[in-house]
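This report refers to the structure that appears directly beneath it.
The values are calculated or read from the model by the stated rules, or taken from the named source; none is laboratory data. These figures come from a predicted structure and were not determined experimentally. As a convention, Cβ positions derive from the backbone with ideal geometry for all residues, glycine included, and neighbour counts pool all protein chains shown.
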Amino acid sequence: MNIELRHLRYFIAVAEELHFGRAALRLNISQPPLSQQIQQLEQQVGACLLARTNRSVQLTAAGHQFLQDARVILLDVEQAASRAARLHQGEEGEIRIGFTSSAPFITAVSDALFTYRQRFPQVHIQMQEMNTRQQLTPLSEGRLDFGVMRNTPLPETLAWQLLLREPLCCIVHHAHPLASQQSVSVTALANEPFVFFDAQSGTALYGETMALLQRYQIQPYITQEVGEAMTILGLVATGLGISILPASFRRAQLAGVVWLPLQEADAWSEMWLVWSKQREISAQMKQMKSLLLTGSQA
């Protein structure tokens, strides 16, 4: 069987007009080739679809059924083509993003996600909260399209681009002696009890902060080890110790906590956008990447 889409279009025109001349005008072809195409279609189908006389054209029972099915087939093809085009243009589909717990607190990230959702409502955004270490394998294996993470050593399979660099701050209980200051030096924290991440938590903030303290010959006295930044904030708010976190967490607005910028010029943290070098960058990824990088430079 060798039925082509043009056969279906020609048949639908004749079936709706019930007149070969009018159908030919509608299709912008001459009548003899149209009649020939309909005959070929009937031969392929193995059924008489049109009852012809010198005065009229009528649909047979087989023709009525074929007309219904032909319309469905053409509609399915048009919809399939439209979906493919929209997917190619990034207007449909899915994008999978891994993100650290701090990412939603960063204005450039939250604004980019909001704008993307407004522009491309038919694209499903699948967000997966993971620490930096947990994102590396899914990115390499293609189970994530993007990772939003803190700076960390990456395997050769991954590429990255800087989203932003933000200051690190000391956070203290509002009744702490340091709370009245406008800023604080890292060296002033040498003897303070720390609430901080567990070394095995997988967050890049642990390594960043430890490296900062070591550059100033400080061995922190860690009294509480936890897995999440929000837990750190909660424990600092109870007065169990101080900590160091990126300034973006200030958006949490937790009562009882005072944020003090660190005075050292190297007291900052980077947020990266990471993706696989070995995978094609889809239209959805290009659009998301553009919004994230544009927002980070604003």
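Taking S201 as meeting all but one of (1) closer than 22 Å to L240 by Cβ; (2) part of a loop (DSSP other than H, G, I, E, B); (3) over 32 Å from the mean Cα position of the chain (by Cα), write down the number of the exception.
Among (1) closer than 22 Å to L240 by Cβ; (2) part of a loop (DSSP other than H, G, I, E, B); (3) over 32 Å from the mean Cα position of the chain (by Cα), the lone unmet condition for S201 is (3).
What is the residue count in the stretch 85-103 for residues that are in a helix (DSSP H, G or I) and crowded, with 16+ Cβ neighbours inside 10 Å?
So in the stretch 85-103, the residues in a helix (DSSP H, G or I) come out as 85-88, 103.
Cutting the leftovers down to crowded, with 16+ Cβ neighbours inside 10 Å gives us 86-87, 103.
Result for the stretch 85-103: 3.
Could you tell me whether P121 is exposed (fewer than 12 other Cβ atoms within 10 Å of the Cβ), closer than 17 Å to M285 by Cα and within 15 Å of the chain's Cα centre (by Cα)?
Values: exposed (fewer than 12 other Cβ atoms within 10 Å of the Cβ): yes; closer than 17 Å to M285 by Cα: yes; within 15 Å of the chain's Cα centre (by Cα): yes.
Yes; evaluated as a whole, the condition is true for this residue.
For the stretch 171-181, does any single residue satisfy the condition of being at pLDDT 95 or above, buried (at least 18 other Cβ atoms within 10 Å of the Cβ), of a type outside the set (F, W, Y) and closer than 21 Å to A103 by Cα?
Yes, the conditions are met somewhere in the stretch 171-181.
Could you tell me how many of the residues in the stretch 163-198 are under 39 Å from the mean Cα position of the chain (by Cα), touching a residue at least 60 places away in the same chain (Cβ under 8 Å) and part of a loop (DSSP other than H, G, I, E, B)? Walk me through how you get there before you give the answer.
Taking the stretch 163-198 and keeping what is under 39 Å from the mean Cα position of the chain (by Cα), we get 163-174, 182-186, 194-198.
Right, trim to touching a residue at least 60 places away in the same chain (Cβ under 8 Å) and you get 163-174, 182-186.
Keeping just the survivors that are part of a loop (DSSP other than H, G, I, E, B) gives 174, 182-183, 185.
The number of residues fulfilling the criteria is 4.
Could you pull out the residue among L144, L245 that is of a type in the set (A, V, I, L, M), assigned to a loop (DSSP other than H, G, I, E, B), crowded, with 16+ Cβ neighbours inside 10 Å and in the same structural domain as Q284 (by TED's automatic domain parsing)? So that I can check it myself, show each step before the final result.
Numbers: L245 fails: assigned to a loop (DSSP other than H, G, I, E, B).
Just a single option satisfies the conditions, and that option is L144.
Can you tell me how many residues within the stretch 248-265 are buried (at least 19 other Cβ atoms within 10 Å of the Cβ) and either outside the structural domain of Q182 (by TED's automatic domain parsing) or part of a helix (DSSP H, G or I) (or both)?
The total comes to 2.
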